[in-house]
1. Can you list, shortest first in nanometers, how far B:Gly112 lies from the same residue in the other copies, with each label 7 Å from Cα toward Cβ?
2. Quick one: which of A:Lys250/A:Lys288; A:Lys136/A:Lys322; A:Lys145/A:Lys185; A:Lys250/A:Lys322; A:Lys322/B:Lys145 span more than 25 angstrom between C-alpha atoms?
3. Take each uninterrupted DSSP H stretch in chain A, measure its Cα extent along the helix axis, and return the ones at 24 Å or beyond whose mean Kyte-Doolittle hydropathy is at least 0.0.
4. For A:Asn174, place a label point 7 Å from Cα along the Cα-to-Cβ direction in every copy; what are the distances to the other copies, in nm, shortest first?
5. Pairwise over distinct Cα atoms, reciprocal of the mean inverse distance: report the Kirkwood radius of chain A in Å, one decimal place.
6. What Kirkwood radius, in Å to one decimal, follows from the Cα pairs of the range A:105-197?
7. Under 5 Å between amide H atoms, partner at least 5 residues away or on a different chain: which partners does A:Arg101 have, H built in plane at 1.01 Å?
8. Which value, to two decimals, describes the C-alpha radius of gyration of the range A:72-120 once divided by 2.2 N^0.38 Å?
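Computed from the coordinates by the stated procedures, all read-outs in this text should not be read as laboratory data. Fair warning: this is a prediction, and the values are worked out from it, not measured in the lab. Note: ideal-geometry Cβ built from the backbone for every residue, glycine included; neighbour counts use all protein chains shown.
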Protein chains: 2
Amino acid sequence: MEDLTRTMLEAVEDALRQVVARANGSSLEEMHHMLAYHLGWEGEGSGRTARGKRVRPLLLMLVCSAAGGAWRDALPGAAAVELIHNFSLIHDDIQDNSPLRRGRPTVWKKWGIPQAINAGDAMFTLAQLAVLNLEKTTNPAVALKAAQMLNETSLQLTQGQYLDMHYEARGDLNLEAYWPMISGKTAALLTACTHIGALAAGAEPGIVNAYRQFGRALGLAFQAEDDLLGMWGEPALTGKSTESDLVQGKKTLPVLYGLSQGGSFARRWAKGTIREEEALRWAEQLTKEGAREFTQEHASRLTQQALQALDEARPQGEAGDKLRELANQLLHRKT
Amino acid sequence: MEDLTRTMLEAVEDALRQVVARANGSSLEEMHHMLAYHLGWEGEGSGRTARGKRVRPLLLMLVCSAAGGAWRDALPGAAAVELIHNFSLIHDDIQDNSPLRRGRPTVWKKWGIPQAINAGDAMFTLAQLAVLNLEKTTNPAVALKAAQMLNETSLQLTQGQYLDMHYEARGDLNLEAYWPMISGKTAALLTACTHIGALAAGAEPGIVNAYRQFGRALGLAFQAEDDLLGMWGEPALTGKSTESDLVQGKKTLPVLYGLSQGGSFARRWAKGTIREEEALRWAEQLTKEGAREFTQEHASRLTQQALQALDEARPQGEAGDKLRELANQLLHRKT
């Protein structure tokens, strides 16, 4: 079972390298290096950790195989979703003023904002070129549909990002604002992964739709779990202070729930940034006000929805087993 | 004859509005407004001047019609190239730190860099969604080919932009560096316009290729003319100081030629920014060193190439006449 995942991950890494090589050329070596650096292939600290888990392409390939397709046919789509994810990370890091990603200096920190904007744009373009290659491995109809999906997803990403920055600037947060923001920022791309994987397999519409629902619920559940971990997770496991989401002022589900209660947490939040030393106290206050239970209920409900949709999709074979395993890993993780 | 152009321009404006409306939605009105503002439809100073000339979509539609196609079938492609152009302008303005575009505050000046990066990303995504709509007006093969062309072009845009910023930072300019930079920044998108227009018409490969060559030579000639105007154009006509290209330190063809001569201009350039009051003198020095003649020769040769390629494409009908007219306007303009 390990072997299938490893084979897939090696294959997508090769596919990514081939696509990204298109940005290279005479006098363009440094531009290519920026992309290779961000993807964890080159430069200081390159390697496994720097690459991230490639969860999105893995999900896409597993779905393709579990839906009865040949997963190698889905490789162009798998490369595309990973490139979209990484394009958005390069731009997010500028927008959030983040100096580090996975422990390494971000692209803008190393090459400045103008070149980082451009590197992100190049990564986005490469994602487009990748997905169009599905024409060669599947057929024109699948390639067009997948390209359309990928761009509807990208539009949702920019909409989620807009809302995130907008609420950050304005401060008038509310619980209803959470779902559109998270749908765009997290769930949309996972939905595209499962959708494109099923399309590449040539699955029938009912199955494609079940995989779509699976991807969406998985994305939302993953985000709710992430919010729980960021507030009450074990620091030893998460590798960061449990309080960090609070200190960073992130608009997570428990925070928005707390604000909706108009209690002592909401009054404290309105007064400005929560400091490191008071974060534990306010995390406990959020628990008292019901934010932890509320978030856990949401996470459980979404997890159930995801697993139910996956059952309805009737995933088959070794990939089907791996897919269930991956879903459970993502939904019941400790880190 | 005026009517055809006007009808086309009105139609592409409608097509653009329809595509851009996809970014709108509940709580997303301001994000949509950023795009509508940049495109000259909304906000202070909106109107004709703010919109620009829409030369690229016009070129695409005229080529489609002159190659025997129904230009309305090419509208999704026409909208796409204009959106690609404007996506790159939004990001260029951040990268160049430009406060104004066509006399109006740039998107980043009004909404800040993070939101402007995101608005550019959204515009890029909308371009992709637009070009894929060619499937409905033509056929899947044309839509896929056009999407591929558009993204190869976008990759060249990012490569040209990389080189531009790279040379700006390093200062080691040379004449050979000019063409790859300009190919990416100016000629690539005009090539895509004529190529996609001919594809949408279902033209035979020889004709498609002639239109491609036309677009490329037109783009390069246009840029060489622009460099001439920026250095020696009449300020009254260009609406800016003739010296501004020099003062801004732009890496234009006459500047790179002057540097290659290693004469007194090159020695002055090496010492740092040329001031407003000495710009006229250095423009005259460049003329003495042969830079004006050199640039004019290039511009003439490229103009000849463009018009010859256009002849080889055998443009037909009213659109063919308008196409010749447009080419002559772009190549012999005073502003």
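1. Nearest first, the other copies' label points are 2.3 nm away.
2. Numbers: A:Lys250/A:Lys288 20 Å; A:Lys136/A:Lys322 27 Å; A:Lys145/A:Lys185 21 Å; A:Lys250/A:Lys322 33 Å; A:Lys322/B:Lys145 36 Å.
Beyond 25 Å: A:Lys136/A:Lys322; A:Lys250/A:Lys322; A:Lys322/B:Lys145.
3. Values: long enough: A:2-20 (27 Å, -0.10); A:75-95 (30 Å, 0.50); A:113-132 (29 Å, 1.08); A:140-170 (45 Å, -0.34); A:205-232 (40 Å, 0.11); A:291-312 (31 Å, -0.95).
Those that clear 24 Å and a mean of 0.0 are A:75-95, A:113-132, A:205-232.
4. Spacings between copies for this position, smallest first, are 6.3 nm.
5. Working: mean 1/r = 0.0484 Å⁻¹.
Result for chain A stands at 20.6 Å.
6. Numbers: mean 1/r = 0.0663 Å⁻¹.
That comes to 15.1 Å for the range A:105-197.
7. Long-range HN contacts for A:Arg101: A:Thr106.
8. Numbers: Rg = 12.4 Å, N = 49, 2.2 N^0.38 = 9.7 Å.
The reported ratio for this selection is 1.29.
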